[in-house]
Amino acid sequence: MNQVIKTESSAFAQGVAPEGEPIMSVRGLVKSYHKNRIEVPVLRGVDFDIEVGSMTSLVGRSGSGKSTLMHLMATLDHPDQGEVSFNGARIDNASARQRDYYRNHQIGMIFQFYHLLPELTALENVMVPTMIARRLFSFLGVRKTAQERAEQLLEMVGLTHRRHHRPSEMSGGEMQRAAIARALMNNPTLLLADEPTGNLDSSTGHGILELLQKLNEDNRLTIVMITHDDAIARQADRAVRLENGLVVEQDDALRVVH
Ligand code: ADP
Ligand code: MG
């Protein structure tokens, strides 16, 4: 099982860890917030691994700490205790610069409310990560290639006809497709999705879910999908359930057989 999952020619997910090895390990994560000097514990010692090429749902009630956990996995926040490792290296205590690197190049994210920039078209939104990852001068040098890649990604998510539209001219499902294309722009190894269907009607949400499954199956993109909905969680290979600040269930048998 020492096979590296992606070849040079792949446009996606050039995983460094061999298939079956964890791409991310979460160990003993503890996180509390403070409200009026009162400590509110959210995560009380969370452990789990994310395997390369897997699709995992992170499921739990509203307020159970799913977004908090995702922020720690994405190095957007620091744990009070515990460790997050990515491809075998600790990232929770990385420098601000290294954390920027992980978020720009390794860990893509999508959110319930898309977080697109309202003044930019779908195509421009998809190109934003490349602009952020490079200085202006160097961006101008790759602009054409970046635009070609953005157009390919928009085609892949079924949004070519909306590429020159702004978010206000798109439906929720279309905005989420644009956000997925944007998250893939810099070829991440891991995609974190926080309630990606949470703001969509069930048939539109189903389309987004199918797109994520296709990315996982066809491109071997490792995906962690947060949801409060068990039916959606069941679409993944495996569910990690958060309750009272702990992982209470890790089910490998949730997969619906196609
Ligand atoms: P979920 O995503 O599962 O709905 P969250 O991680 O957003 O849960 O929140 C978990 C708990 O932490 C909630 O009780 C929430 O009110 C609290 N919380 C989240 N973010 C903050 C914050 N920045 N400051 C204070 N409390 C917070
Ligand atoms: Mg949340």
Reported to the nearest 10 Å², Thr227 has, with a 1.4 Å probe, an accessible area equal to 10
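How do Met109, Met131, Met70 stack up against each other in accessible area, from largest to smallest, with a 1.4 angstrom probe? It would help to have the intermediate numbers written out before the result.
Working: Met109 35, Met131 75, Met70 5 Å².
Listed by decreasing accessible area, they come as Met131, Met109, Met70.
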With all protein chains present and a 1.4 Å probe, the order of Met73, Met156 from largest accessible area down is Met156, Met73
With label points set 7 Å from each Cα along the Cα-to-Cβ direction at Phe113 and Thr145, the distance between them in nm comes to 3.6
Once normalised by the length of the stretch 43-132, the mean sequence separation of its alpha carbon contacts under 8 Å that are 6 or more apart gives a contact order in percent of 16
Straight-line reach check, Lys31, cutoff 20 Å on alpha carbons, 8 or more apart in-chain or any other chain, hits among aspartates and glutamates -> Glu39, Asp47, Asp49, Asp77, Asp80, Glu83, Asp92, Asp194, Glu243, Glu249
Candidate span helices, the chain: DSSP H, at least 24 Å along axis from Cα coords, Kyte-Doolittle average at least -1.0, result 136-156, 202-219
The simple spin-label model distance between Ser203 and Thr160, using points 7 Å out along Cα→Cβ, in nm, is 2.4
Ignoring trypsin sites (Lys or Arg not before Pro) buried by more than 12 other Cβ within 10 Å or outside DSSP loops, the longest site-free run in the chain is 136-258
Taking a straight Cα-to-Cα line shorter than 17 Å from Lys144, and setting aside same-chain aspartates and glutamates fewer than 8 residues away, one finds Glu124, Glu155
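Based on the alpha-carbon gyration tensor of the chain and its eigenvalue square roots a ≥ b ≥ c, which shape applies: rounded if a/c is under 1.5, prolate if not and a/b is larger than b/c, or oblate? Numbers along the way, then the final one.
Details: a/c = 1.41, a/b = 1.35, b/c = 1.04.
Note, shape of the chain comes out rounded.
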HN-Hα couplings for the stretch 109-118 via Karplus (6.51, -1.76, 1.60; θ = phi - 60°), in whole Hz with x for Gly/Pro, come out as 9, 10, 10, 4, 9, 6, 6, 7, 7, x
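Accessible area per residue, 1.4 Å probe, Å², for the chain: what's the number? If you can, show how the numbers build up before the last one.
On the way: 12890 Å² over 258 residues.
Accessible area per residue: 50 Å².
Carbon and sulfur together cover what percent of the accessible area of the chain at a 1.4 Å probe radius?
Answer for the chain is 48 percent, counting heavy atoms of protein chains only.
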Under a 1.4 Å probe, counting only protein heavy atoms, His165 has an accessible area in Å², nearest 10, of 60
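Grab the other residues whose beta carbon is less than 11 angstrom from that of Leu242, score K and R as +1, D and E as -1, and report the net.
Values: positive: Arg44, Arg61, Lys66, Arg241; negative: Glu243, Glu249.
Value of the local net charge: +2.
The values are calculated or read from the model by the stated rules, or taken from the named source; none is laboratory data. Bear in mind that the values here come from a model prediction, so they are computed numbers and not experimental data. Positions of Cβ are backbone-derived with ideal geometry, glycine not excepted, and every protein chain shown enters the neighbour counts. What goes into the accessible areas is simple: the full protein's heavy atoms, side chains included, and nothing from ligands, DNA or RNA. Shrake-Rupley method; radii C 1.70, N 1.55, O 1.52, S 1.80 Å.
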